[in-house]
1. Within region 1-36, name every residue whose backbone N is under 18 Å away from a label modeled 7 Å from Cα of Arg44 along the Cβ vector.
2. Roughly what would the spin-label model give for Ser31 and Lys90, points 7 Å off Cα along C-beta, in nm?
3. Test of understanding: ordering Ser11, Ser59, Ser31 by Cβ neighbours within 10 Å, fewest first, what list do you get?
4. Less than 11 Å Cβ to Cβ from Tyr71, Lys/Arg counted +1 and Asp/Glu -1: what total charge do the surrounding residues give?
5. Starting from the 7 Å offset along Cα-to-Cβ, what nm value, one decimal, do you get for the label separation of Ser13 and Ala76?
Amino acid sequence: MKKANHFSDLSLSDQDTLIDHIFFNYKMIPSINYQQTAYGLKMRFNRLTGADMGHQITSQCFMEAMVKAGYKAFPAQKDVMPNWYFNVGKVQIITL
């Protein structure tokens, strides 16, 4: 998985890996969770998939994947760099 600024920058296989990660590790809730940001969640994904293997996605790419998986994205107003909150419950990480 190369560095990806957008979900569409990923190969179909890498898109599937990211979407699978979201489906297996996150639970959709009705309200926006202001405790979890795209930045924090994508950092977990980057660590799990291994930076030593060249895996790195941006918060923008992660947000696009979350939306593709059916989540709502709400922009974080305070952050200098674009960031988002989602309607995601407590995060439990399961390795693929």
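Each reported figure results from applying straightforward, stated rules to the coordinates on display, with no laboratory input. Remember, it's a predicted structure, so these values are computed and weren't measured experimentally. Every residue, glycine among them, receives a Cβ derived from its backbone with ideal geometry; neighbour counts consider all protein chains shown.
1. Only 17-36 pass the distance filter.
2. 1.6 nm
3. By the 10 Å Cβ count, ascending: Ser31, Ser11, Ser59.
4. Result for the local shell: +2.
5. Result: 3.2 nm between the two label points.
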